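Have a look at the structure below, then the notes.
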């Protein structure tokens, strides 16, 4: 028996990996976050599979389901939106499973920021414009941020910042990033990336707050801030340069 933590992707059902799809198809138990994971993925579950929406469950209740499957000798497909490596709350589940001696593995998925960049048709690492991408969030009603990971400190690098779980506080983001980036810095907000009802907003730190308010975007959105979003006049990458030595 194994608990399979699976990255379910950013929203479009066909952006799950082949491995993830196949693990769902062979697991008689499936736990998924109903508010975030595309319901179409449940069509891959085997006939008679137990399907459990974890959206309203606490950690103890989720663990109880995993323990019950372990005791029954049943594999579990544990679906997390995007990629479980970031902002998935997977770590505390694995810590509990380690203590209980329940085996598990992890299958990566397409993260929301990658889907957002694809929708924007932008590379987030552009030669001599931006080579650093910071994935972060802000502390609001969620767990506090560690010391030194506030936006003012992170923004001092002027690298490309990708913010998850933060669009509801767009005015705060603008206030904290403007001193380092300037109010003319390009910003994009991608809500429900890769889905049929995806919404894309493009602007600057000066006007993105008003755009977000007018669009009524409150959740399931990625905010990207950085010069790479408007990069046009930049040198070609050395990767394909004629001057590069290839052996």
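Tally up the residues in the stretch 68-123 that are under 15 Å from the mean Cα position of the chain (by Cα) and part of a loop (DSSP other than H, G, I, E, B), please.
So the count comes out to 12.
Residues of the stretch 196-230 being in a loop (DSSP other than H, G, I, E, B) and closer than 22 Å to residue 179 by Cβ, which ones?
Step one: filter the stretch 196-230 for residues in a loop (DSSP other than H, G, I, E, B), giving 196-198, 205-207, 216-220, 226.
The answer is 205, 206, 207, 226.
Taking only the stretch 154-175 into account, find how many residues are over 22 Å from the mean Cα position of the chain (by Cα) and over 20 Å from residue 124 (Cβ atoms).
Qualifying residue count, the stretch 154-175: 1.
Name every residue in the stretch 203-223 that is in contact with a helix residue (DSSP H, G or I) (Cβ under 6 Å, 6 or more places away or on another chain), farther than 21 Å from residue 122 by Cα and surrounded by 14 or more Cβ atoms within 10 Å (Cβ to Cβ), in order of residue number.
Matches in the stretch 203-223: 209, 217.
Could you check residue 200 against (1) within 23 Å of residue 14 (Cβ to Cβ); (2) surrounded by fewer than 22 Cβ atoms within 10 Å (Cβ to Cβ); (3) touching a strand residue (DSSP E or B) at 6+ places or on another chain (Cβ under 6 Å); (4) without any contact (Cβ under 8 Å) to a residue 40 or more places away in the chain and say which number it fails?
Residue 200 satisfies all of (1) within 23 Å of residue 14 (Cβ to Cβ); (2) surrounded by fewer than 22 Cβ atoms within 10 Å (Cβ to Cβ); (3) touching a strand residue (DSSP E or B) at 6+ places or on another chain (Cβ under 6 Å); (4) without any contact (Cβ under 8 Å) to a residue 40 or more places away in the chain except (4).
Among the numbered conditions (1) assigned by TED's automatic domain parsing to the domain that holds residue 166; (2) surrounded by 17 or more Cβ atoms within 10 Å (Cβ to Cβ), tell me where residue 118 comes up short.
All conditions are met except number (2).
Residues checked against (1) within 18 Å of the chain's Cα centre (by Cα); (2) free of Cβ contacts under 8 Å to residues at least 12 places away in the same chain:
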position: 14; (1), (2): yes, yes
position: 33; (1), (2): yes, no
position: 37; (1), (2): yes, no
position: 41; (1), (2): yes, no
position: 44; (1), (2): no, no
position: 51; (1), (2): no, no
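Hey, can you tell me all the residues within the stretch 92-103 that are in contact with a helix residue (DSSP H, G or I) (Cβ under 6 Å, 6 or more places away or on another chain) and crowded, with 18+ Cβ neighbours inside 10 Å? Write out each step before concluding.
Pass one, the stretch 92-103, residues in contact with a helix residue (DSSP H, G or I) (Cβ under 6 Å, 6 or more places away or on another chain): 96, 102.
Answer for the stretch 92-103, where residues must be in contact with a helix residue (DSSP H, G or I) (Cβ under 6 Å, 6 or more places away or on another chain) and crowded, with 18+ Cβ neighbours inside 10 Å: just 102.
So residue 139 clears everything in (1) buried (at least 19 other Cβ atoms within 10 Å of the Cβ); (2) farther than 18 Å from residue 116 by Cβ except one condition, right? Which one?
Tallying (1) buried (at least 19 other Cβ atoms within 10 Å of the Cβ); (2) farther than 18 Å from residue 116 by Cβ, residue 139 fails exactly one: (1).
How many residues does the stretch 13-47 hold that are in a loop (DSSP other than H, G, I, E, B) and modelled with pLDDT under 95?
From the stretch 13-47, those in a loop (DSSP other than H, G, I, E, B) are 16-17, 26-28, 33-38, 45-47; that's our starting set.
Imposing the further condition that a residue be modelled with pLDDT under 95 reduces the set to 33-38.
Qualifying residue count for the region: 6.
The values are calculated or read from the model by the stated rules, or taken from the named source; none is laboratory data. All of these numbers come straight from a predicted model, not from anything done at the bench. Methodologically, a virtual Cβ is constructed for each residue, glycine included, from the backbone with ideal geometry; neighbour enumeration extends over all protein chains shown.
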